[in-house]
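A.B. asks: Below is a structure I'd like to ask you about.
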Amino acid sequence: VHFPDVERVEWLNKVLVQAWPYFGTIMEKTFKEVLEPKIRAKNVHLKTCTFTKIHFGEKCPRINGIKAYTKEIDRRQVVLDLQICYIGDCEIHMDIAKFNLGVKGVQLYGTLRVILEPLLTDAPFIGAVTLFFMQKPHLEINWAGMSNLLDVPGINVMSDSLIQDFIAARLVLPNRITVPLKKNMNIAHLRFPIPHGVIRVHLLEAENLVQKDSFLGAIRGKSDPYALLRIGTVQYRSKTVSRDLNPIWNETFEFVVHEVPGQDLEVDLYDEDPDKDDFMGSLLISLVDVMNDRTVDEWFPLSKTTSGHLHLKLEWFSLLNDQEKLHEDKKGLSTAILVVYLDSAFNLPKNHFEYSNGECGAKKIKNNKYLKKTEREPSSFVLLTVGNKTQKSKTCNFSKDPTWGQAFTFFVHSAHSQSLHVEIKDKDRDSALGTSVVCLSHLLKDPNMTLDQRFQLDHSSSDSFIKMKLVLRALNVEEPDPQRVKAGVNASKQGPVRVAEKGGNQQKFVSPPKPEVSKVPPVSRDSAALESLLEKDSREDLDTNDSSAAPVPSDTVAGPNEAEREQNPEHPPSSALHTRAAAVPTLPVVQELRLAPSVASLGSLPSSCFELSSSNLDIHNGTEMPLGEIQLTVRYASIRQSLVVLVNGCRNLVPSSNRGVDPYVRIYLLPDRRWASRKKTSVKKKTLNPQYDEKFEFFESLEDVKKRTLDIAVKNSRPFISQERKELGKVRIDLSQEDLIKGFAQW
């Protein structure tokens, strides 16, 4: 029986629904008693701030699925990924001076990681809970008040993105919220764990990219490609290569990886234009496999586009507490990372005149107007610099003993000669309240390469200190496990480098695994498709610019010859890596599709086949014979809020004429029969066993989809004046009867 790794937790949703009114009451009390005084203390202009209405509504957040990790992690922890969807009807109104501001409804969805650690042998059995989003959650806010000023198109987008950035700065990796459950629990190492490792990405070259530029709409020109590389909230942009569809970049980028499994490398290619840059394809790479392989040097087929390959070399570096590994790199690349835990400062001066004895200071102090400004406590932030990279902390308002509680990472080229420069500044006056320089060579004197202490501040009061913990770790590429099968671009689903992603032109270039290596029993098309789709549900990377006709990659739906190769070891696997252009020879599709259904499709899926019926058609072919079958994969992508329908293919269609048929598939989500909302595959010429592998999305809420019916017809594309029958068969699927979060794939 096939167990998907994302589980439905309806019992937990029922608990949430029952507890929501009580949670609302607690939050209303918190807003009035805790948040309101804090807002008033922030600024003079906010002294009149009052919450006039706080109501958390009837609709509570919903957890669409949970994925639990127990194998890849430490024994003393439990890691859960929660797919959260909140379409709330909350109402919060506040008055500031004469203005009325408010929120009337919020939509939020994303994947929240919950880490329970350390597990204890006595009550409460869990030391602390840590929460964070892997990527920025999707957020939409319906504003109220101020004549709905914030709903004006431009401002609306700006306000939403500002709030998203505000949330990201606190809740998206590497930021975390840690709540201790046991008294006197030290949570510093839970809030700021040492990163998992570093990945160095060599962006080498691309080939056969899609032409995007055109002159006068007709003559095709060459594109000007550049790449965006992203892990979590960190993004780098490559240089732009002018007028070249086979660009060579030879650039190197380094990323700190905080969570594995969980974080992925995203690469998007764009064509640079004066007005709007055109999308040229993308790639999503699972970092777990890069970590296991240590080094991956491959040509990757691009997704969401019709052609193009990208050549990347990926190197995984473990972080070691070993000074012998700290050698200076000849090419100027990083050899170590420095993690700075910025804790707090003590006895900061109110202003820099407090410790400057010169006459200039004394004169300015006498000025009354200035005195008022200098009397209050400073609002301070910290600038940390290593080499040419500077990072800025958050601002702590009106405190001479500020607590920041933040972590920063820096790449280090030469630990023996580089230094960390720390400068504390006052946000209201552009003056330094104190500085400190720490040579990284001090860290090398400690066996753990760690310093955790107070550092005396220069150019400050004599008793001003800053408290920091500095950790230096050497980067090291370990030798891969010789027993492990390398997960190259041609690996099977057991160890894919690329997360199975929706998109364009992969199917020609993926060769199946070598038979002697594969220990997994053969899977049929439907179980492979379902398995990968369920796996994708946890990442929700089913994004596509053109949803009308994007074929699905072969690692989403196992190629026609993949299962057969595993059963017939005499077929040598084609080497797709060395001969990228050589397409895999396709065996007769019908022969493959008639394999017995897998255990997965029998055990966990609705067992009936979708037979194309003639009951609701005006067809009389003498008998009530089935008119063939269609293979569909259907599931609900909760984070994208869309119903995903994958049309894989048809088999054994009944011809409507001697001329042969050119079949295509038409889809409606009933009762909507509008021309604009119908979906249609491409036409396959002269075949009764067409293969489509095309994906379509209907953007509706899960509640709405549950009330709808899928109407799917296979039609014959014929000349306008032809007398031939157009409809070859039809299927209707009542979606209220199906488990859409889990999804199903069947004939």
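A.B. asks: Within the stretch 384-400, identify whether any single residue is more than 31 Å from the chain's Cα centre (by Cα), over 17 Å from VAL437 (Cα atoms) and among the β-branched types (Val, Ile, Thr), and answer yes or no.
C.D. replies: no
A.B. asks: At least 1 residues that are open to solvent by 60 Å² or more (accessible area, probe 1.4 Å) in each: list the strands (runs of 3 or more DSSP E) lying fully within the stretch 678-747 that qualify.
C.D. replies: Of the strands (runs of 3 or more DSSP E) lying wholly inside the stretch 678-747, those with at least 1 residues that are open to solvent by 60 Å² or more (accessible area, probe 1.4 Å) span 727-734.
Yes or no, residue by residue, for (1) over 23 Å from the mean Cα position of the chain (by Cα); (2) modelled with pLDDT under 85; (3) assigned to a strand (DSSP E or B):
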residue: PHE51; (1), (2), (3): yes, no, yes
residue: LYS71; (1), (2), (3): no, yes, no
residue: GLN107; (1), (2), (3): no, no, yes
residue: GLY110; (1), (2), (3): no, no, yes
residue: ILE115; (1), (2), (3): no, no, yes
residue: ALA123; (1), (2), (3): yes, no, no
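A.B. asks: When only residues in the stretch 430-451 that are open to solvent by 20 Å² or more (accessible area, probe 1.4 Å) and in contact (Cβ under 8 Å) with a residue 40 or more places away in the chain count, which is nearest to VAL288 (Cα to Cα)?
C.D. replies: ASN448
A.B. asks: Can I ask one more? Among (1) assigned to a strand (DSSP E or B); (2) out of contact with any Phe, Trp or Tyr (no Cβ under 6 Å at 6 or more places or on another chain), which single condition is CYS85 missing?
C.D. replies: Here CYS85 clears every test but (2).
A.B. asks: Residues of the stretch 48-84 being touching a Gly at 6+ places or on another chain (Cβ under 8 Å) and of a type in the set (Gly, Ala, Ser), which ones?
C.D. replies: GLY57, the sole residue that qualifies.
A.B. asks: Also, quick follow-up: Considering the stretch 394-412 alone, what residues qualify as being open to solvent by 10 Å² or more (accessible area, probe 1.4 Å) and either among the β-branched types (Val, Ile, Thr) or at pLDDT 90 or above (or both)?
C.D. replies: Of everything in the stretch 394-412, those that are open to solvent by 10 Å² or more (accessible area, probe 1.4 Å) and either among the β-branched types (Val, Ile, Thr) or at pLDDT 90 or above (or both) turn out to be THR395, THR403, PHE408, THR409, PHE411.
A.B. asks: Same structure, new question: How many residues does the stretch 376-390 contain that are in contact with a Ser or Thr (Cβ under 8 Å, 6 or more places away or on another chain) and either part of a loop (DSSP other than H, G, I, E, B) or open to solvent by 30 Å² or more (accessible area, probe 1.4 Å) (or both)?
C.D. replies: 4
A.B. asks: In addition: So, LYS42, is that one basic (Lys, Arg) and at pLDDT 90 or above or not?
C.D. replies: Judged against the criteria, LYS42 is not a match.
A.B. asks: Within the group THR52, THR25, which residue is of a type in the set (Val, Ile, Thr), within 18 Å of ASN100 (Cβ to Cβ) and open to solvent by 30 Å² or more (accessible area, probe 1.4 Å)?
C.D. replies: Answer to the selection: THR52.
A.B. asks: Also: Looking at ARG666, is it surrounded by fewer than 24 Cβ atoms within 10 Å (Cβ to Cβ), at pLDDT 90 or above and of a type in the set (D, E, K, R)?
C.D. replies: The answer is yes for ARG666.
A.B. asks: Go through the stretch 306-315 residue by residue and tally those that are under 24 Å from VAL256 (Cα atoms) and either open to solvent by less than 20 Å² (accessible area, probe 1.4 Å) or free of Cβ contacts under 8 Å to residues at least 24 places away in the same chain (or both).
C.D. replies: Residues that pass the stated criteria total 3.
A.B. asks: Looking at ARG200, ARG176, can you tell me which residue is at pLDDT 90 or above and under 22 Å from the mean Cα position of the chain (by Cα)?
C.D. replies: Exactly one residue qualifies, and that residue is ARG200.
A.B. asks: For a quick check of your reading of the model, give me the residue pairs whose first member lies in the stretch 400-429 and is farther than 16 Å from LEU384 by Cα and in a loop (DSSP other than H, G, I, E, B), whose second is of a type in the set (Asp, Glu) and open to solvent by 10 Å² or more (accessible area, probe 1.4 Å), with beta-carbon atoms closer than 6 Å and at least 6 apart or on different chains.
C.D. replies: Qualifying pairs under 6 Å: LYS400/GLU377; SER414/GLU328.
A.B. asks: Now for a different question. Whether any residue in the stretch 279-287 is surrounded by fewer than 20 Cβ atoms within 10 Å (Cβ to Cβ) and over 30 Å from ASP122 (Cα atoms) is what I want to check.
C.D. replies: yes
A.B. asks: Report, ordered by the first and then the second residue, all pairs with beta carbons closer than 7 Å, sequence separation of six or more or different chains, a first member in the stretch 177-195 that is of a type in the set (Phe, Trp, Tyr), and a second member that is open to solvent by less than 70 Å² (accessible area, probe 1.4 Å) and at pLDDT 80 or above.
C.D. replies: Matching pairs, first to second residue: PHE192/TYR341; PHE192/ALA407.
A.B. asks: Please enumerate the residues belonging to the stretch 274-320 that are hydroxyl-bearing (Ser, Thr, Tyr) and either assigned to a helix (DSSP H, G or I) or more than 21 Å from TRP249 (Cβ to Cβ) (or both).
C.D. replies: Of everything in the stretch 274-320, those that are hydroxyl-bearing (Ser, Thr, Tyr) and either assigned to a helix (DSSP H, G or I) or more than 21 Å from TRP249 (Cβ to Cβ) (or both) turn out to be SER286, THR306, SER318.
A.B. asks: OK, next. Failed condition for SER303, given (1) among the polar types (S, T, N, Q); (2) over 22 Å from the mean Cα position of the chain (by Cα); (3) open to solvent by less than 10 Å² (accessible area, probe 1.4 Å), with all others met?
C.D. replies: (2)
A.B. asks: Among the listed residues ASN351, ASN357, which satisfies the condition of being at pLDDT below 85 and open to solvent by less than 10 Å² (accessible area, probe 1.4 Å)?
C.D. replies: The unique qualifying residue is ASN351.
A.B. asks: With respect to GLN263, determine if the residue is open to solvent by 40 Å² or more (accessible area, probe 1.4 Å) and either over 23 Å from ASP81 (Cα atoms) or not small (Gly, Ala, Ser) (or both).
C.D. replies: Considered against the rule, which asks whether it is open to solvent by 40 Å² or more (accessible area, probe 1.4 Å) and either over 23 Å from ASP81 (Cα atoms) or not small (Gly, Ala, Ser) (or both), GLN263 comes out as no.
A.B. asks: Separate question: If THR30 satisfies every condition in (1) of a type outside the set (Phe, Trp, Tyr); (2) open to solvent by 80 Å² or more (accessible area, probe 1.4 Å); (3) more than 21 Å from GLU703 (Cα to Cα) but one, which is the exception?
C.D. replies: Failing condition for THR30: (2).
The values are calculated or read from the model by the stated rules, or taken from the named source; none is laboratory data. In this text the structure is predicted, and so the values were computed from the model without any measurement. Because the Cβ atoms are built from the backbone with ideal geometry, glycine has one as well, and the counts that use them run over all protein chains shown. What goes into the accessible areas is simple: the full protein's heavy atoms, side chains included, and nothing from ligands, DNA or RNA. Shrake-Rupley method; radii C 1.70, N 1.55, O 1.52, S 1.80 Å.
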